[in-house]
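> Let me begin by handing over the structure; questions about it come next.
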Amino acid sequence: MTTLQIADEVATALAENRPVVALESTILSHGLPAPRNLTVAARLEKVVREAGAVPATIAVLDGVPRVGLSSSELDRVCTAGDLVKLSLRDLGPAYALGRSGATTVASTTALAHQAGIRVFGTGGLGGVHRGARETWDVSADLDVVATTPVLIVCSGVKSILDMGATLEVFETRSVPVVGYRTSRFPAFYRRESEFDLSWRVETPAEAAAVFAAGGRGMLLANPIPAAYEMDADLHDRLLAEGLRKLVDQDVRGKDVTPVLLEHFHTASEGVSLDANEELVVSNVSVAAAVAVALSGEQFQ
Amino acid sequence: MTTLQIADEVATALAENRPVVALESTILSHGLPAPRNLTVAARLEKVVREAGAVPATIAVLDGVPRVGLSSSELDRVCTAGDLVKLSLRDLGPAYALGRSGATTVASTTALAHQAGIRVFGTGGLGGVHRGARETWDVSADLDVVATTPVLIVCSGVKSILDMGATLEVFETRSVPVVGYRTSRFPAFYRRESEFDLSWRVETPAEAAAVFAAGGRGMLLANPIPAAYEMDADLHDRLLAEGLRKLVDQDVRGKDVTPVLLEHFHTASEGVSLDANEELVVSNVSVAAAVAVALSGEQFQ
Amino acid sequence: MTTLQIADEVATALAENRPVVALESTILSHGLPAPRNLTVAARLEKVVREAGAVPATIAVLDGVPRVGLSSSELDRVCTAGDLVKLSLRDLGPAYALGRSGATTVASTTALAHQAGIRVFGTGGLGGVHRGARETWDVSADLDVVATTPVLIVCSGVKSILDMGATLEVFETRSVPVVGYRTSRFPAFYRRESEFDLSWRVETPAEAAAVFAAGGRGMLLANPIPAAYEMDADLHDRLLAEGLRKLVDQDVRGKDVTPVLLEHFHTASEGVSLDANEELVVSNVSVAAAVAVALSGEQFQ
Ligand SMILES: [Mn+2]
Ligand SMILES: [Mn+2]
Ligand SMILES: [Mn+2]
């Protein structure tokens, strides 16, 4: 298996059991338009540092898996325009063929674990697609979360998905889903879905304790900050329009999420873009606090 | 990962390669009413001891995972009334938050393996729920059995499930299903379903040999004792009524099995309760015999 | 777990890091009629040797798992007529009960990995069966490929399957599917299906590099040699007839593939038999070349 290139700052922190937070690159290369992605990339790293942890953005550049990017590497991820989306199964080909790409939740989780990082902050996970009874389209994120002991802070799963089915798969695959100061599963742009959670924690220390005790991959579900929650009617209208667009343009597979996000961003005149940025920042901030708690002596 | 509290008697037996049988606690806390659960708990431990093995009932008490319960701990599981059902993914939260709960097939299997116990006797496994094509409701038991090298003696899967679909998942996930003195998959309250098995064994020694040779989790399917088999018409009527009740009362997820069992127990005026007790006792007795065989020198 | 009997030639090659190719026995015992299977068995071993690798045909004989068969053992697999098909979950029972059987893709992959063999050449994988939304019939091959680091060279999946659903499961389970000199997923008897592949390689060395870099089980999808590709109309007619036959005769599970292949072979008057032989020979030849490349110093 290919050896990771871990940035010095990240490697030192890991060696000294200091807190590190993994960050994905797909949100930068595919999820947000330039130049906004550049400001978000900088903001995410800043939020992690301010909490006392070290950020480790992950990407594959010229066939090399990098854990922790320099500022010029971050720029490249945000502006190069030639990065493909790399899921876990794409890593071998990308390494061997010398390709560059951004890592998804699945591949970021796997590489974080390979590097020894235990906490990852992101926006929303993939899951069971609507219509998956017919198409069998289920994200690789679920399988990776079920088999990799990394704590992922997120605002639930992407809006387009079959949320109920996705939650059932988390149960089937023994993935703990724990609410961060909530007893409801969050709905990405909205703070609450209709689905209850069995477990909730109130502090980063509690989240760290749950993860350390269980020893399994888990989701810490953190709702979007109230100030940025999308209006319910707007949300439902955008979602309905976006789903219709997917059907009309026959969009499938890897292209679904970018197309849907694009519709949300355009049709909401930037409201969803603000929401998306703020929920990721909030999740990464919680992730950093959990990583700090997890670096305490009792969890070594 | 949290350290198990293994009872002295169990720990000593494991250290000396003497036979141990894992027992779940959900059947005591949720599957049988008090005070019947107390007599069943005592009877199961007695059956294991008489066969020459050590019983290890598993539960989480005040956040501590216990393998092998004292008689006051067993009492607490049977009578406290405040124990929740803990599946594998609930263990981390329960440990960290100091909660008490009964372990399901999934969590008992995982904890048995963590403790070094190779045989587990229970009633029936979870599986694919009827209507799972729509609801995606599939028990975590399947995933755990497919990935954990523990031999589980059971009378098939719970009556409410889609048995055909469940058997397909066992095949897909490479879980051996071996009949104990039967070539048909048992149907919990009934000795036979319509489904044939590819493999059967006649003795505990053969079952032990199959398990040791394969090195994978497996089901040893043991039919309910003939004297306690439920009348076919009664069984079909109770099942139809119970399924209707679930729909009428909109019962789902973790609540399904208790509600259905409750209906069986009430509407059959205790016939199903006797059946349930006797099949568990029979399975645990076979489990003990297999554990004894497995402790032979050739399997160390 | 049962110890493998590895033939001296295979064991020596593995110890010296020389190339070895695993071969399955189900194609010999169930996939091809005698005496054709004898000539194919000999031809496959010859192709491997000519490429500079050692063939290791795998089967279970009298309860003993054998990796690398003597010529009399190969004869027995081809002519005995009493060998059952053994999937991964059947190995424990077969070992313990002293049975003989041919290994499927799932069990061959698992045993190859247990023996330390990294490359396996075969015809086509199992996958999601047509109608699996109702029947839940999904091959164990998928689960094994997703969890076992072996490179499998094949011409896609068996014709009878739901190819689109199968490809989705490969994605969900993070199985890389890489085209060998093709950008389309091959359709067994036909060089191309309607499905695009994300990755392709042009040489055995590239395939070896992708596998070594990724460290996961992967499929190298190699189309049938053009000279033996089945005519499209004939193929579609045979498939439609075969599927109708399965329904008419209520054929299911393990019996589906043999019945379908039998129909193809009879109704095509041997055209499909030639095609099947040639695609396997081609895949095994590519597998040998990849194994040779993988034995290079850079991959040790
Ligand atoms: Mn997909
Ligand atoms: Mn469920
Ligand atoms: Mn099947």
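The values are calculated or read from the model by the stated rules, or taken from the named source; none is laboratory data. Since this is a predicted model, take the numbers as computed values, not measurements. Don't worry about glycine lacking a Cβ; one is built from the backbone with ideal geometry, like all the others, and counts go over all protein chains shown.
Yes or no, residue by residue, for (1) crowded, with 16+ Cβ neighbours inside 10 Å; (2) over 16 Å from A:Ala291 (Cα atoms):
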{"position": "A:Thr3", "(1), (2)": "no, yes"}
{"position": "A:Leu23", "(1), (2)": "yes, no"}
{"position": "A:Arg49", "(1), (2)": "no, no"}
{"position": "A:Ala56", "(1), (2)": "yes, no"}
{"position": "A:Arg76", "(1), (2)": "yes, yes"}
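> Of all residues in the range A:172-190, how many are in contact with a strand residue (DSSP E or B) (Cβ under 9 Å, 6 or more places away or on another chain) and over 24 Å from B:Trp136 (Cα atoms)? I'd like the intermediate steps shown before the answer.
Restricting attention to the range A:172-190, the residues satisfying the condition of being in contact with a strand residue (DSSP E or B) (Cβ under 9 Å, 6 or more places away or on another chain) are A:172, A:175-188.
With over 24 Å from B:Trp136 (Cα atoms) added as a condition, the list becomes A:180-182.
Summing the residues that are in contact with a strand residue (DSSP E or B) (Cβ under 9 Å, 6 or more places away or on another chain) and over 24 Å from B:Trp136 (Cα atoms) in the range A:172-190 gives 3.
> Would you mention how many residues in the range A:242-255 are part of a helix (DSSP H, G or I) and either in contact with a strand residue (DSSP E or B) (Cβ under 7 Å, 6 or more places away or on another chain) or farther than 24 Å from A:Cys154 by Cβ (or both)?
Pass one, the range A:242-255, residues part of a helix (DSSP H, G or I): A:242-248, A:253-255.
Remaining after also requiring either in contact with a strand residue (DSSP E or B) (Cβ under 7 Å, 6 or more places away or on another chain) or farther than 24 Å from A:Cys154 by Cβ (or both): A:244-245, A:247-248, A:254.
Total meeting the criteria: 5.
> Now for a different question. With closer than 17 Å to B:Leu125 by Cα and either within 14 Å of chain A (Cβ to nearest Cβ) or within 16 Å of ligand 1 (Cβ to nearest atom) (or both) as the only criterion, which of B:Asp250, B:Asp255 stands out?
Numbers: B:Asp250 fails: closer than 17 Å to B:Leu125 by Cα.
Result of the check over B:Asp250, B:Asp255: B:Asp255.
> Have a look at A:Gly164, A:Gly214, A:Gly179 and point out the one that is within 10 Å of another protein chain (Cβ to nearest Cβ) and under 20 Å from the mean Cα position of the chain (by Cα).
After applying the criteria, what remains is A:Gly164.
> Hey, among the residues in the range B:146-191 that are away from ligand 3 (no atom under 16 Å from the Cβ), of a type in the set (A, V, I, L, M) and closer than 26 Å to B:Gly131 by Cβ, which one's surrounded by the most Cβ atoms within 10 Å (Cβ to Cβ)?
B:Val157
> Let me ask another. Could you check, for the range C:250-262, whether at least one of its residues is on the phi > 0 side of the Ramachandran plot and within 16 Å of ligand 3 (Cβ to nearest atom)? Spell out the reasoning first.
Step one: filter the range C:250-262 for residues on the phi > 0 side of the Ramachandran plot, giving C:250, C:253.
So of that shortlist, the ones also within 16 Å of ligand 3 (Cβ to nearest atom) come out as C:250, C:253.
Yes: the range C:250-262 contains one or more residues that are on the phi > 0 side of the Ramachandran plot and within 16 Å of ligand 3 (Cβ to nearest atom).
> Quick check on my filter: what residues within the range C:56-77 are in contact (Cβ under 8 Å) with a residue 40 or more places away in the chain and either over 17 Å from B:Arg216 (Cβ atoms) or not hydrophobic (A, V, I, L, M, F, W, C) (or both)? Let's see the steps before the verdict.
Within the range C:56-77, the first condition is being in contact (Cβ under 8 Å) with a residue 40 or more places away in the chain, and the residues that meet it are C:56, C:58-60, C:64-70, C:74, C:77.
C:Ala56, C:Ile58, C:Ala59, C:Val64, C:Pro65, C:Arg66, C:Val67, C:Gly68, C:Leu69, C:Ser70, C:Leu74, C:Val77, listed by residue number.
> While we're looking at this one, here's another question. Counting just the residues of the range A:125-170 that are among the small types (Gly, Ala, Ser) and more than 15 Å from ligand 1 (Cβ to nearest atom), which one comes out nearest to A:Val210 (Cα to Cα)?
The first filter runs over the range A:125-170 and keeps only residues among the small types (Gly, Ala, Ser), leaving A:126-127, A:131-132, A:139-140, A:146, A:155-156, A:159, A:164-165.
Next, only the ones that are more than 15 Å from ligand 1 (Cβ to nearest atom) stay: A:146, A:155-156, A:159, A:164.
On the way: A:Ala146: 16, A:Ser155: 18, A:Gly156: 18, A:Ser159: 27, A:Gly164: 24 Å.
The selected residue is A:Ala146.
> If you don't mind, there's one more thing I want to ask. Any residue at all in the range C:108-131 that is at the interface with chain B (Cβ under 9 Å from one of its Cβ atoms), within 25 Å of C:Ser285 (Cα to Cα) and away from ligand 2 (no atom under 16 Å from the Cβ)? Talk me through it step by step, then tell me what you get.
Within the range C:108-131, the subset at the interface with chain B (Cβ under 9 Å from one of its Cβ atoms) is C:110.
Then keep just the ones that are within 25 Å of C:Ser285 (Cα to Cα); that gives C:110.
Filter again for away from ligand 2 (no atom under 16 Å from the Cβ), leaving C:110.
Yes, the range C:108-131 contains a residue that is at the interface with chain B (Cβ under 9 Å from one of its Cβ atoms), within 25 Å of C:Ser285 (Cα to Cα) and away from ligand 2 (no atom under 16 Å from the Cβ).
> Within the range C:38-48, does at least one residue satisfy the condition of being modelled with pLDDT of 95 or more and more than 29 Å from C:Phe211 (Cβ to Cβ)?
Yes, the range C:38-48 has at least one match.
> Going by the conditions given, is C:Gly131 within 16 Å of ligand 3 (Cβ to nearest atom) and within 20 Å of C:Tyr228 (Cβ to Cβ)?
On the way: within 16 Å of ligand 3 (Cβ to nearest atom): yes; within 20 Å of C:Tyr228 (Cβ to Cβ): no.
Taking the combined requirement at face value, the residue does not satisfy it.
> Considering the range B:194-209 alone, what residues qualify as being touching a Gly at 6+ places or on another chain (Cβ under 8 Å) and without any contact (Cβ under 8 Å) to a residue 40 or more places away in the chain?
Selection gives B:Phe195, B:Leu197, B:Trp199, B:Arg200, B:Val201.
> In the range A:210-241, what residues are of a type in the set (A, V, I, L, M, F, W, C), in a helix (DSSP H, G or I) and either closer than 23 Å to A:Val280 by Cβ or touching a residue at least 60 places away in the same chain (Cβ under 8 Å) (or both)?
As a first pass, look at the range A:210-241 and keep what is of a type in the set (A, V, I, L, M, F, W, C): A:210-213, A:218-221, A:224, A:226-227, A:230, A:232, A:234, A:238-240.
Okay, now just the ones that are also in a helix (DSSP H, G or I), so A:210-213, A:226-227, A:232, A:234, A:238-240.
Listed by number, the residues that qualify are A:Val210, A:Phe211, A:Ala212, A:Ala226, A:Ala227, A:Ala232, A:Leu234, A:Leu238, A:Leu239.
> Working carefully through the options B:Thr79, B:Thr57, B:Thr104, B:Thr148, find the one that is hydroxyl-bearing (Ser, Thr, Tyr), more than 25 Å from A:Gly164 (Cβ to Cβ) and within 14 Å of chain A (Cβ to nearest Cβ). Show your work before the answer.
Details: B:Thr79 fails: within 14 Å of chain A (Cβ to nearest Cβ); B:Thr57 fails: within 14 Å of chain A (Cβ to nearest Cβ); B:Thr104 fails: more than 25 Å from A:Gly164 (Cβ to Cβ).
Testing whether each residue is hydroxyl-bearing (Ser, Thr, Tyr), more than 25 Å from A:Gly164 (Cβ to Cβ) and within 14 Å of chain A (Cβ to nearest Cβ) leaves just B:Thr148.
> For C:Ala208, work out the one condition from (1) at the interface with chain A (Cβ under 9 Å from one of its Cβ atoms); (2) closer than 30 Å to A:Gly127 by Cβ; (3) surrounded by 23 or more Cβ atoms within 10 Å (Cβ to Cβ) it doesn't fulfil.
Failing condition for C:Ala208: (2).
> Does the range B:256-280 hold any residues that are among the hydrophobic types (A, V, I, L, M, F, W, C) and either within 16 Å of ligand 2 (Cβ to nearest atom) or touching a strand residue (DSSP E or B) at 6+ places or on another chain (Cβ under 9 Å) (or both), and which are they? Quick ask: steps written out before the conclusion?
Of all residues in the range B:256-280, those among the hydrophobic types (A, V, I, L, M, F, W, C) come to B:256, B:259-261, B:264, B:267, B:271, B:273, B:275, B:279-280.
Hits for the range B:256-280 are B:Val256, B:Val259, B:Leu260, B:Leu261, B:Leu279, B:Val280.
> For the range B:253-300, give me each residue that is charged (D, E, K, R) and out of contact with any helix residue (DSSP H, G or I) (no Cβ under 8 Å at 6 or more places or on another chain).
Residues of the range B:253-300 charged (D, E, K, R): B:254-255, B:262, B:269, B:274, B:277-278, B:297.
Within the range B:253-300, B:Lys254, B:Asp255, B:Glu262, B:Glu269, B:Glu297 qualify.
> Answer yes if at least one residue in the range B:219-238 is within 13 Å of another protein chain (Cβ to nearest Cβ), in contact with a helix residue (DSSP H, G or I) (Cβ under 9 Å, 6 or more places away or on another chain) and surrounded by fewer than 22 Cβ atoms within 10 Å (Cβ to Cβ), and no otherwise.
no
> Among the numbered conditions (1) surrounded by 24 or more Cβ atoms within 10 Å (Cβ to Cβ); (2) closer than 17 Å to A:Ser25 by Cβ, tell me where A:His113 comes up short.
All conditions are met except number (1).
> Related question: For the range C:78-91, enumerate the residues that are under 19 Å from B:Arg200 (Cα atoms) and either surrounded by fewer than 23 Cβ atoms within 10 Å (Cβ to Cβ) or in contact (Cβ under 8 Å) with a residue 24 or more places away in the chain (or both). Show your work before the answer.
From the range C:78-91, those under 19 Å from B:Arg200 (Cα atoms) are C:82-91; that's our starting set.
Selection gives C:Asp82, C:Leu83, C:Val84, C:Lys85, C:Leu86, C:Ser87, C:Leu88, C:Arg89, C:Leu91.
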